[in-house]
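**Student:** Okay, here's the structure, questions in a sec.
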Amino acid sequence: MTTTSLARADAADIALADAGHCAVTVETRSGTFGFDCATGETLLYAGLAHGLTLPHECATGTCGTCRARVMSGDVEVAWEEAPGAARLKRDKGDILLCQTRALGDCVLRVPSDVAERPARHEIPAPRLGVVGNVKQLTSDVVHFEIALTEPMTFDAGQFVVIEAPELEGGRAYSMVNYGRDLDRLELVVKRKPGGGFGDWINGPLASGANVKVFGPLGRATFHPDEGHDLLMIAGGSGIAGMMSILSRGVRDRYFEKRKAKVFFGVRTLADGFYLEDFARAIEAGGGNVEVTLALSHEDAGRLDHPEFPTVKLAHGFVHEVAGQAMAGGYDNVMAYIAGPPPMVDGAIRSLIIGGVGRSAIRYDKFG
């Protein structure tokens with residue numbers, strides 16, 4: 001943990017910090033804003049909880065979207081090696097808001113347009129929760145729930161950042177379920193070698209553990225009043241937000257008039273999950289919902305799933321399968337993409353080549 005100082009804190013700054021709060025001023029392209037930041041709170045979380053639409057994507061140090069520059073004041077950087085910090089000009093005072101805490105009053109410059117509150121989304125806030133109902137879906141995928149101490153309202157496609165005991169830093173996970181004023185979140189995690197949270201959620205200490213939750217976050221969201229057909233492309237645990245979108249679409253009877261095509265990429269047939277949920281959504285869609293399971297490392301030798309025949313099968317990487325299936329069929333579509341960065345980038349390129357404008361593409365990259 002290191003400290004960046006661009007102006008020595010005076011006595012008033014130190015007194016304010018000791019009192020537990022710092023005054024933060026943010027200079028942006030759209031104006032200057034101020035908010036209080038509590039001791040130990042990251043600048044990003046404090047600003048977002050105040051209502052400011054500070055730029056962010058992952059909120060965990062991976063993407064680098066929340067770049068800012070410290071113009072004056074003392075700050076503390078928690079994770080110097082964050083992947084998103086690779087291109088920062090540290091000698092100029094560049095920081096990631098999600099990895100930085102104020103040590104006293106400070107002035108920041110953010111090279112983005114910022115509003116005083118989100119146009120559509122709820123203002124995020126910190127909450128506490130308890131982990132439960134941990135279920136193994138495949139050999140490396142786990143579904144789990146968090147019972148919240150305070151209800152949360154979120155849009156389909158949003159995520160939260162979770163801080164678990166004995167793990168340093170937060171992890172971002174999209175909600176699988178959808179609702180308003182929910183006291184329970186459903187989430188999914190894919191276990192990866194060396195992944196701290198994946199190992200923890202699979203271990204004996206996860207069930208019943210208290211966790212910190214911050215959210216809701218994310219702008220790759222579904223809003224029925226926009227009136228688009230839906231295209232969803234997801235890899236691995238990136239399917240979580242798509243399940244939330246499908247859940248809202250079915251609940252609101254959206255697919256009586258609009259279509260949805262879901263392309264879900266996994267390695268083999270045995271790696272597929274949420275298949276029963278897909279089958280129910282297909283049935284509820286009355287012919288307007290299609291789901292294709294794209295197998296990157298296996299050719300199943302058939303065009304439908306052996307246990308869930310309404311779910312289609314294809315061989316290849318999911319963004320390539322989607323591009324081939326959607327060739328020439330992108331009229332009035334809103335595309336949602338989630339998964340590992342290479343998959344997301346490939347899907348975006350495929351859509352743009354196919355004629356989809358950037359404003360019709362909403363995505364989340366899982367680093």
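The values are calculated or read from the model by the stated rules, or taken from the named source; none is laboratory data. In this text, all values refer to a predicted model and were calculated from it rather than measured experimentally. Virtual Cβ from ideal backbone geometry, glycine too; neighbours counted across all protein chains shown.
**Student:** So in the stretch 60-76, with the set limited to residues that are crowded, with 19+ Cβ neighbours inside 10 Å and hydrophobic (A, V, I, L, M, F, W, C), which one is farthest from Glu41 (Cα to Cα)?
**Tutor:** Cys63
**Student:** Among the residues of the stretch 79-93, which ones are under 28 Å from Gly339 (Cα atoms) and surrounded by 17 or more Cβ atoms within 10 Å (Cβ to Cβ)?
**Tutor:** Passing the criteria: Trp79, Ala82, Gly84, Ala85, Leu88.
**Student:** Quick check on the stretch 132-150: of everything there that is farther than 26 Å from Tyr363 by Cα and of a type outside the set (D, E, K, R), which residue is surrounded by the most Cβ atoms within 10 Å (Cβ to Cβ)? Break it down into steps so the answer makes sense when it comes.
**Tutor:** Here is the first cut: in the stretch 132-150, the residues farther than 26 Å from Tyr363 by Cα are 132-136, 139, 147-150.
Keeping just the survivors that are of a type outside the set (D, E, K, R) gives 132-134, 136, 139, 147-149.
On the way: Gly132: 14, Asn133: 12, Val134: 16, Gln136: 12, Ser139: 8, Ala147: 13, Leu148: 18, Thr149: 11.
Across the stretch 132-150, the extreme among qualifying residues is Leu148.
**Student:** Can you work out which of the residues in the stretch 189-213 that are surrounded by 14 or more Cβ atoms within 10 Å (Cβ to Cβ) and in contact with a Leu (Cβ under 8 Å, 6 or more places away or on another chain) is nearest to Ala338 (Cα to Cα)?
**Tutor:** Ranking the qualifying residues of the stretch 189-213, first place goes to Phe197.
**Student:** To continue, here is another question. Got a sec? Which of Ala281, Ala294, Ala270 is at pLDDT 95 or above, over 21 Å from Asp229 (Cα atoms) and outside the structural domain of Ala156 (by TED's automatic domain parsing)? Step through it out loud before you land on a result.
**Tutor:** Details: Ala281 fails: over 21 Å from Asp229 (Cα atoms); Ala294 fails: over 21 Å from Asp229 (Cα atoms).
Just one listed residue meets the conditions, Ala270.
**Student:** Checking Gly215 against (1) within 19 Å of Val188 (Cα to Cα); (2) at pLDDT 95 or above; (3) part of a loop (DSSP other than H, G, I, E, B); (4) not aromatic (Phe, Trp, Tyr), only one condition comes out false. Which one?
**Tutor:** (3)
**Student:** Kindly provide the set of residues from the stretch 10-51 that are at pLDDT 90 or above, in contact with a strand residue (DSSP E or B) (Cβ under 7 Å, 6 or more places away or on another chain) and loosely packed, with under 14 Cβ neighbours inside 10 Å, ordered by number.
**Tutor:** Matches in the stretch 10-51: Thr32, Gly34.
**Student:** Please go through the stretch 36-50 and give me each residue that is under 14 Å from Val161 (Cα atoms) and not in a helix (DSSP H, G or I), ordered by number.
**Tutor:** The answer is Glu41, Thr42.
**Student:** Also, quick follow-up: Among Arg101, Arg69, which is part of a strand (DSSP E or B) and closer than 27 Å to Ala209 by Cβ? Walk me through how you get there before you give the answer.
**Tutor:** Values: Arg69 fails: closer than 27 Å to Ala209 by Cβ.
Answer to the selection: Arg101.
**Student:** Applying the selection to the stretch 320-357, what residues are in contact (Cβ under 8 Å) with a residue 60 or more places away in the chain, more than 19 Å from Ala220 (Cα to Cα) and assigned to a helix (DSSP H, G or I)?
**Tutor:** Passing the criteria: only Ala325.
**Student:** (1) more than 23 Å from Val356 (Cα to Cα); (2) at pLDDT below 95: which one isn't true of Asp304, the others all being true?
**Tutor:** Here Asp304 clears every test but (2).
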